[in-house]
Amino acid sequence: MNNMDNALRRQVYSLPDLIAQQYEDLEPKTRKVLSTPEIFSIQRIVLTGCGDSYAAAMATKHAFEMLTNIPTEVVTALELSRLYQKKQIGFAPHNPLVIAVSNSGGVARIGEAVERMNTYGAFTLGITGNPDGVLAQKSSRVLPLNIPSFESAPGTRSYLVSVMALLLMAIRIGEVRGVRTMDASMDMRFDMLEQGKQLAAMLPAMDEKVAAVATKWKDFDAFDYVGGGFDYATAFYGHAKIMEAVGKYAMHINTEEWLHLNFFMRKSTEIGTVLVANSTNPCDSRSQEVEGYMQTLGRPLMVVTDKTDGVDTEQTTYCTVPATRYPITMPLTHFAPLALLAGYLQVLVGEEDGRGCKDQWSFAQGGKAVKESKIVID
Amino acid sequence: MALLKNFKLKTIHNDVVSLTDDIKKYVEESGVKEGMCIIYTPHTTAALTITSFWDPNGFLDLQDDICRLIPTRIDFKHQHDTPQDAAGHIKSSLIGVSLPLIIHDGKLLVGHSQGIYFLEFDGPRNREYFVKILADS
């Protein structure tokens with residue numbers, strides 16, 4: 001028994017089984033939620049969500065474009081609600097397809113965004129685990145999530161399921177539109193299942209490495225999470241868990257932008273830096289360059305990668321994650337070490353999720369701050 | 001006497017694959033002088049047919065006109081898979097997945113212009129077909 005065991009870690013260890021279980025649940029649902037004529041009418045796709053759901057949208061944006069050949073953008077709920085230009089909504093019947101993700105389904109801004117999109121002629125698909133929530137009630141179609149309950153921790157299981165649901169939708173839309181054959185599409189789906197098995201096999205070694213990193217980094221006050229392309233969303237997810245679980249300052253940034261901004265920071269040996277850098281990412285050569293600069297600066301570094309040739313040093317730890325046959329499916333599991341890191345740091349500093357919504361944070365009890373908000377449809 | 005053999009093939013999209021030589025060879029090697037040869041494929045988006053082998057453009061015409069008769073539409077009621085798949089089911093049903101042929105004098109009895117063909121209505125796919133030989137006595 002790991003003496004730093006924690007709820008986030010237990011969630012991570014549940015992910016391999018969750019992948020298999022959720023695949024069985026979601027694969028048939030993603031076949032039925034949109035009809036063939038509806039799929040053929042899509043001219044543009046907008047993905048939206050808040051927090052982890054926003055990260056899931058970013059994690060799958062490139063997958064949607066590569067698998068469907070349909071231009072896809074990720075728009076925050078607030079921008080979709082208040083700023084997205086009306087002439088870009090309903091520009092063709094039932095367009096764009098707006099896919100809104102919220103497992104809790106009760107986030108006010110998501111409800112507002114979906115309502116506005118419907119008002120001006122978009123077609124909306126809500127992906128949610130709450131059939132009575134505002135997202136399900138306002139969406140044109142609903143892809144219902146059914147995530148088995150588990151010990152509470154900053155979103156880990158729900159993030160995986162959101163990513164999986166979006167990936168399955170992208171595969172489905174591309175398959176129906178004839179971008180690739182049914183056999184090729186099934187192979188992609190099986191690649192997701194295979195990742196679960198790989199993750200299960202890799203978790204013990206991954207866990208041991210991350211625990212050692214957390215022990216070295218426990219007194220740091222700042223963390224950088226860096227990634228590009230498919231890996232950017234994973235970096236976003238990692239920084240979010242530091243804020244939620246540990247209550248310390250964290251930043252997520254694109255690999256290129258890190259060299260425009262974050263590297264200027266002083267106390268470089270006291271900033272825990274996580275670089276997500278997979279071998280099949282088109283940004284890989286830049287990631288390698290940036291890794292060199294990070295080491296020059298003396299940044300304490302954890303590199304999350306599917307490569308297996310990294311040699312750990314006192315400064316740098318290489319954390320190996322599953323290698324997939326289809327790079328677009330990588331975001332499904334590559335966040336696992338980042339969740340482990342946040343969980344261990346939480347234990348080591350004695351923090352409580354979301355500061356327990358106590359004292360000055362009490363206004364956020366029960367998600368009130370994001371569930372209750374003035375709705376403006378213009 | 002009865003013999004059964006399984007054959008594998010890899011197809012490309014809307015492929016037309018000649019099976020004639022393999023089946024003729026199998027029949028001749030069987031030693032059966034008089035009997036029946038049944039060819040069967042266990043797929044629902046493919047079919048078996050006999051057509052002329054002289055002009056390869058005839059294969060294109062065949063697939064083109066099958067597609068004109070049963071175009072890939074987006075309003076098929078079968079939406080579990082894809083429009084291509086739904087159209088393929090209909091093409092397969094109409095054309096058929098089996099061929100009964102006669103064995104005479106130790107050879108497959110086919111006309112001088114006739115070839116046996118596997119019609120792919122999807123693809124690329126890994127496919128198979130079976131050949132059963134039944135001797136008269």
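Quick note: the coordinates plus some simple rules give every number you see, no bench work behind them. Just so it is clear, the structure is predicted and the values come from calculations on it, not from any experiment. Backbone-built Cβ (ideal geometry, glycine too); neighbour counts: all protein chains shown.
Approximating the spin labels as points 7 Å out from Cα along Cα→Cβ, the A:ARG31-to-A:GLU79 distance works out to 3.6 nm. Once the gyration tensor of the Cα atoms in the range B:6-137 is diagonalised, the equivalent ellipsoid follows with semi-axes of 30, 15, 12 Å, ordered largest first. Comparing A:ALA323, A:ALA20, A:ALA113 in a Gaussian network model of chain A, where Cα atoms under 10 Å apart are tied by springs, the biggest mean-square fluctuation is seen for A:ALA20.
Say the cut-off is 30 Å between C-alpha atoms; which of A:LYS216/A:LYS371; A:LYS61/A:LYS86; A:LYS209/A:LYS241; A:LYS32/A:LYS374; A:LYS216/A:LYS307 go over it? As for pairs spanning more than 30 Å Cα to Cα, those are A:LYS216/A:LYS371; A:LYS32/A:LYS374.
Here the Gaussian network model covers chain A, with springs between Cα atoms less than 10 Å apart; of A:LEU97, A:LEU18, A:LEU261, A:LEU261 fluctuates the most. Between the range B:12-73 and the range A:343-378, how far is it from one alpha carbon centroid to the other, in angstrom? Computed from Cα coordinates, the inter-centre distance equals 66 Å. Using Cα-Cα distances under 8 Å and only pairs 6 or more residues apart, what relative contact order does chain A have, in percent? Normalised by residue count, the contact order of chain A is 20 percent. Overall shape: oblate for the range A:320-363, with the ratio a/c of the largest to smallest alpha carbon gyration tensor axis at 1.5 or above and b/c at least equal to a/b.
As a ratio to 2.2 N^0.38 Å, the alpha-carbon radius of gyration for the range A:132-235 is 1.41. The range A:1-48 and the range A:183-205 have Cα centres separated by 13 Å. Principal axis extents of the C-alpha atoms in the range A:222-314 (largest first, rounded to whole Å): 33, 26, 26. Compared with the dominant Cα axis of chain A, that is its longest principal axis, helix A:157-176 is turned about 50°. Taking each residue as 0.36 nm, the span from A:LYS267 to A:LYS86 lengthens on full extension beyond its C-alpha to C-alpha distance by 60.5 nm.
Taking a point 7 angstrom from the Cα of A:ASP219 along the C-beta vector, which residues in the range A:1-39 have backbone N less than 12 Å away? Hits in the range A:1-39 for A:ASP219 at 12 Å: none.
For a test of the definition: using alpha carbon positions, the gyration tensor, and the 1.5 limit on a/c, classify the range B:27-74 as rounded, prolate or oblate. Verdict is oblate for the range B:27-74. Each residue of the range B:19-34 was assigned a 3J(HN,Hα) from its phi angle through the Karplus expression (A = 6.51, B = -1.76, C = 1.60, θ = phi - 60°), giving 10, 4, 5, 5, 6, 4, 5, 4, 5, 5, 6, 5, x, 6, 8, 9 Hz with x at Gly and Pro.
Between A:HIS252 and A:TYR225, the built amide H atoms are under 5 Å apart, and every one of these is 5 or more places off in sequence or on another chain. Once the Cβ-Cβ distance of A:GLN315 and A:THR119 is raised to the sixth power relative to R0 = 51 Å, the FRET efficiency obtained is 0.40. Converting phi to 3J(HN,Hα) with the Karplus coefficients 6.51, -1.76 and 1.60 and the offset θ = phi - 60°, the range A:242-259 yields 4, 5, 5, 8, 10, x, 10, 6, 9, 9, 10, 7, 4, 3, 5, 5, 4, 7 Hz in sequence order, with x at every glycine or proline. Between B:LYS33 and A:ASN146, the modelled label-to-label distance comes to 6.5 nm, taking each label 7 Å out from Cα in the direction of the beta carbon.
Relative to the dominant Cα principal axis of chain B, helix B:83-95 is inclined by about 40°. Tell me whether the range A:1-95 comes out rounded, prolate or oblate; compute the Cα gyration tensor, take square roots of the eigenvalues as a ≥ b ≥ c, and use a/c under 1.5 as the rounded threshold. Verdict is oblate for the range A:1-95. So which GluC sites (Glu not before Pro) in the range A:241-327 are both in a DSSP loop and have at most 11 other Cβ atoms within 10 Å of their Cβ? Passing sites in the range A:241-327 are A:GLU314. The label-point distance for B:ASP21 and B:ASP65, in a model that sets each label 7 Å from Cα toward Cβ, rounds to 2.7 nm.
Among the lysines of chain B, pairs at least eight places apart or on separate chains and with Cα atoms under 17 Å apart come to 17. Computed from Cα atoms, the angle from the helix A:232-241 axis to the main principal axis of chain A rounds to 70 degrees. Centre-to-centre, using Cα atoms only, the range A:139-158 and the range B:94-125 are separated by 53 Å. Multiplying the residue separation of A:SER362 and A:PHE40 by 0.36 nm and subtracting their alpha-carbon distance yields 111.2 nm. Among the trypsin sites (Lys or Arg not before Pro) in the range A:245-278, those located in a DSSP loop and surrounded by at most 12 other Cβ atoms within 10 Å of their own Cβ are A:ARG266, A:LYS267. Result for chain A in a Gaussian network model with C-alpha springs under 10 Å: among A:VAL321, A:VAL226, A:VAL311, the largest mean-square fluctuation is at A:VAL311. Just want to confirm a number: the relative contact order over the range A:288-378, from Cα pairs under 8 angstrom separated by 6+ residues, in percent. 14 percent. Along each principal axis, taking the top coordinate minus the bottom one, the Cα set of the protein assembly as shown gives 94, 55, 40 Å in descending order.
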